[in-house]
1. Of the GluC sites (Glu not before Pro) in the chain, which ones lie in a loop per DSSP and count no more than 10 other C-beta atoms within 10 Å?
2. So for each of 33-46, 57-70 I average, over its residues, the number of other beta carbons within 10 Å; can you give me the resulting order with the highest mean first?
3. Near the amide H of V88, under 5 Å away, which other amide H atoms are found, from residues 5 or more places off or on another chain, if H is placed in the peptide plane?
4. Can you give the charge dipole size of the range 1-84 about its Cα centre, rounded to the nearest 20 debye, using +1 on the beta carbon of Lys and Arg and -1 on the beta carbon of Asp and Glu?
5. Can you tell me the length gained on complete extension of the stretch D48 to L31, counting 0.36 nm per residue apart and subtracting the Cα distance?
6. Given a 1.4 angstrom probe, I'd like the percentage of the accessible area of the range 3-94 that is carbon and sulfur, rounded to a whole number.
Amino acid sequence: MERETILLDPTDEQVAARRERVVRPAQLAGLTLGLLDISKPRGDVFLDELAALLAGQGAAIKRYTKPTFARPAPLPLRQALALECDGVIEALAD
C-alpha cells in the first residue's frame, strides 16, 4: 500500500501550496547537479564529499554559494540554479 507523503514548507506561507513531487531520474550519469552552500560552517565539507560521490556516478557538478544563510538566495543565484542545473542539493550543516 502506498502512503501519501506530506512535506512541510518552512517558509512563511499562510496557506501551504500543493506541489506534485518531481520524478527522480533513473540515473545521475549525464546530469548537471548544482551543490548550493548556504554559508553555514562546514557545509562546504559536506558538499565536497557529496560532490565526489555524485561525480563518481557520472554527474557533472556545479558549485554555488549563498552570500549568507540568514536570507533567501538572491534572484540571480536562483535563476542560475534553474538554468544551469538538472537538480540542486542544498547543504544545511553546522
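The values are calculated or read from the model by the stated rules, or taken from the named source; none is laboratory data. This one's a predicted model, so the numbers in the text were calculated from it and none came from an experiment. Using ideal geometry, Cβ is built from the backbone for each residue, glycine included, and neighbour counts are taken over all protein chains shown. We work out accessible area using only protein heavy atoms, side chains counted, and drop any ligands, DNA or RNA first. Shrake-Rupley method; radii C 1.70, N 1.55, O 1.52, S 1.80 Å.
1. Sparse-neighbourhood loop GluC sites (Glu not before Pro): E2, E4, E13, E20.
2. Output ranking for 33-46, 57-70: 33-46, 57-70.
3. G34
4. 120 debye
5. Length gained, D48 through L31: 4.3 nm.
6. 55 percent
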